[in-house]
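Visitor: First, the structure itself, so that you have it in front of you.
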2 protein chains.
Amino acid sequence: MEESPKFHPIGVVHSPYKCLSEAPYQGSGGDVSEIEIFSEYDRGLKDVEGFSHLIVLYWFHQSKGYSNLVNTPWDTVPHGVFATRSPRRPNPIGFSVVELLERKENLLYVKGLDAIEKTPVLDIKPYILRDVKEGICLGWLKGKGHQR
Amino acid sequence: MEESPKFHPIGVVHSPYKCLSEAPYQGSGGDVSEIEIFSEYDRGLKDVEGFSHLIVLYWFHQSKGYSNLVNTPWDTVPHGVFATRSPRRPNPIGFSVVELLERKENLLYVKGLDAIEKTPVLDIKPYILRDVKEGICLGWLKGKGHQR
């Protein structure tokens, strides 16, 4: 199979979390981050302010290596990396749905981004109705997931 | 800024959509696709079957180049690429939330994946409660988005 291309950052995160130890495990709650989009791409933000929520894809740039089996803070047994949100992944791409508070030219002020300071941003997409799923079931043991 | 690494596919999509012209614009509805995870990574799937929905990140491998402004089938004026889900993006990474129907060893049978045949898969993540947002607002003109 053809290899995928090298991806290039389109911007960078300015975060209240200055290092990994400050970053929340899952969900940054109410903290506000700034996403700076580089000038080469800022015209690509046209009309983004019409969306209340955005998908942010970023590079876990401080993540080193990965394991197929991962120990998490949530359980005593290891789980497959693709059943976790661990940053130590074969392709260390981070994903957050953030609330867009404001856009000022090439700067996006967002809530809910758990990326640390200087995280390279790979993509921004509008979060749309088809991304909202209801009646999801989650859990690490088949049949024992809890329904919401 | 340090460049991001070259990402490597962890698997490949087998889709009812054999070419771009067959792929739905947004949302594949009820069609079932198969995701084949390569043997190097299949242990990373442990316990993934506990989740009803998965996030799939993939490479739009047939996408060539990008424009900051994009014409879509949904409007007569161009919009910024980051306000659209166009596959022609600075970093052509695709995103779908899919329903996991069944796992058979290294094969995942999913509903809702609008990637075409042979699309390289970059990552699989569990779709969790924090990814579900309510009261989202969408639209290309500020203040004219419709609330759901």
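The values are calculated or read from the model by the stated rules, or taken from the named source; none is laboratory data. Since this is a predicted model, take the numbers as computed values, not measurements. Positions of Cβ are backbone-derived with ideal geometry, glycine not excepted, and every protein chain shown enters the neighbour counts. The area values use the complete protein model at the heavy-atom level, side chains included, leaving out ligands, DNA and RNA. Shrake-Rupley method; radii C 1.70, N 1.55, O 1.52, S 1.80 Å.
Visitor: Can you name the number of the only condition in (1) within 23 Å of residue B:88 (Cα to Cα); (2) surrounded by 15 or more Cβ atoms within 10 Å (Cβ to Cβ) that residue A:80 fails?
Guide: Of (1) within 23 Å of residue B:88 (Cα to Cα); (2) surrounded by 15 or more Cβ atoms within 10 Å (Cβ to Cβ), only one is false for residue A:80: (1).
Visitor: Would you point out which residue out of A:132, A:110 is crowded, with 23+ Cβ neighbours inside 10 Å and either touching a strand residue (DSSP E or B) at 6+ places or on another chain (Cβ under 9 Å) or free of Cβ contacts under 8 Å to residues at least 24 places away in the same chain (or both)?
Guide: Just one listed residue meets the conditions, A:110.
Visitor: Scanning the stretch A:13-30 for residues that are among the aliphatic types (A, V, I, L, M) and either at pLDDT below 80 or touching a Phe, Trp or Tyr at 6+ places or on another chain (Cβ under 7 Å) (or both), which turns out most open to solvent (accessible area, probe 1.4 Å)?
Guide: A:23
Visitor: Any residue in the stretch A:113-125 that is facing chain B (nearest Cβ under 7 Å), assigned to a strand (DSSP E or B) and touching a helix residue (DSSP H, G or I) at 6+ places or on another chain (Cβ under 6 Å)?
Guide: For the stretch A:113-125, residues facing chain B (nearest Cβ under 7 Å), assigned to a strand (DSSP E or B) and touching a helix residue (DSSP H, G or I) at 6+ places or on another chain (Cβ under 6 Å): present.
Visitor: Oh, and also: Go through the stretch B:30-59 residue by residue and tally those that are within 8 Å of another protein chain (Cβ to nearest Cβ), within 16 Å of residue B:115 (Cα to Cα) and in a loop (DSSP other than H, G, I, E, B).
Guide: So the count comes out to 0.
Visitor: Scanning the stretch A:58-76 for residues that are surrounded by fewer than 15 Cβ atoms within 10 Å (Cβ to Cβ) and touching a residue at least 40 places away in the same chain (Cβ under 8 Å), which turns out farthest from residue B:43 (Cα to Cα)?
Guide: A:62
Visitor: For residue A:87, indicate whether it is surrounded by fewer than 24 Cβ atoms within 10 Å (Cβ to Cβ), within 9 Å of chain B (Cβ to nearest Cβ) and not small (Gly, Ala, Ser).
Guide: In short, no.
Visitor: Going by what's in this entry, would residue A:30 be described as over 23 Å from residue B:51 (Cα atoms), in contact (Cβ under 8 Å) with a residue 24 or more places away in the chain and not β-branched (Val, Ile, Thr)?
Guide: Judged against the criteria, residue A:30 is a match.
Visitor: Would you please name the residue that is nearest to residue A:73 (Cα to Cα), looking only at residues in the stretch A:90-107 that are more than 9 Å from chain B (Cβ to nearest Cβ) and buried (at least 21 other Cβ atoms within 10 Å of the Cβ)?
Guide: A:94
Visitor: Filter the stretch B:1-12 down to the residues that are at pLDDT 95 or above and more than 7 Å from chain A (Cβ to nearest Cβ) and list them by number.
Guide: First pass over the stretch B:1-12, keeping only residues at pLDDT 95 or above: B:9-12.
Listed by number, the list holds a single entry, B:11.
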